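Here's the structure we're looking at; comments come further down.
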Amino acid sequence: MRTNWILRVDHATRNLPYNRSNWDQNIELSIEGLTMKLLVATALLLSVAASPSSIAMAQAATENAGFPFKNTSLLKPPGDAKVAVYEFEDLECPLCAADAPIVRAAVAHYKIPYLRRDFPLTEIHIWSFDAAVTARYLEDKVSPALAEQFRRDVFANQQQIANKDDLVRYTSRWFTSHKLTQPFVMDASGACRNEVKADRAFGDQLNVRATPCVFVVTQKKWVHVNDMHQLYQIIDQAIAETSQPAAVVRHAKPTHP
């Protein structure tokens, strides 16, 4: 009944005679009109969703998965450094893979300390912890440069590593291609595993809930970088603030009667 009613309206508005020979034509016209309306509505929704204000709102809502950071007094530059970058990363995280080149480039550009902390999200990622242990083994036993190369290569090949068996095969090929002897048991002493666990525990103290999690820190403050497009600007501001000379407090000389 509803279809017939729609067909009658179409005929009335288009001044077409109502007969069964025009049913197919009317159905096509009705579907065409509905499709066009849906396309227009979709375009409008996408334009709204892509507006700067909506993007900013989405970023604010997803910052650290909506959880506040804690114990942030632990975030300090090492030694006498004025500015440093902390990063909590997960080798199985696609966003970490996307942001890694940006963070590394910024650190190299400003020549500031970079404190990477492994933060494998073992709740949702099945091989990230083992990959982090291998990276730590390379860093401690072979060279930091090769460890960094392993991390970059894992990021670049995430799509080929679906499970722990894939990671084992990929790691074996990686050691062979770099002419390295892979130990029969990676990290037999458990030292590297403990290092990764300590990093994760540090992130848990800060209440880190998502990766990548990047901070620009000074001795007095910290800033969470929620948008990598703002990383250089945040570092510039931190350097400017720490380069300002300390204010000189002048005390008035006492007057004597």
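Rule-based calculations on the coordinates, nothing more; no lab input. This is a predicted model, so every value here is computed, not measured. Here the Cβ is made from the backbone with ideal geometry for all residues, glycine too, and neighbour counts use every protein chain on show.
Just a few scattered comments:
- Annotation for segment 175-228: trypsin sites (Lys or Arg not before Pro) lying in DSSP loop with at most 10 further Cβ atoms inside 10 Å of their Cβ are K179, K220.
- Student exercise, segment 142-243 dipole from Lys, Arg, Asp, Glu Cβ charges, in Debye to nearest 20: 240 debye
- Cβ-based charge dipole, segment 61-243, positive-most Cα from S128, C192, I161: C192
- Within-12-Å neighbourhood charge of A162 [Cβ basis; K, R +1; D, E -1]: -1
- Cβ crowding within 10 Å, taken as a proxy for footprinting-reagent exposure, orders E139, E89 from fewest neighbours to most as E139, E89.
- Largest to smallest principal axis extent of the C-alpha atoms in segment 61-243, angstrom: 50, 32, 30
- Ordered from longest to shortest, the equivalent ellipsoid semi-axes for segment 129-211 are 22, 16, 12 Å, each the square root of 5 times a Cα gyration tensor eigenvalue.
- Unsatisfied cross-links (Cα-Cα over 28 Å) in the set K70/K197; K76/K164; K164/K221; K111/K221; K197/K221; K141/K221: K76/K164; K164/K221; K141/K221
- In this structure, the amide hydrogen of R116, modeled 1.01 Å from its nitrogen in the peptide plane, lies closer than 5 angstrom to those of E87, counting only residues at least 5 positions away or on a different chain.
- Averaging 1/r over each pair of different alpha-carbon atoms in segment 75-115 and inverting the result gives 11.1 Å, the Kirkwood hydrodynamic radius.
- Positive minus negative residues near T218 (Lys, Arg vs Asp, Glu; Cβ under 10 Å): +3
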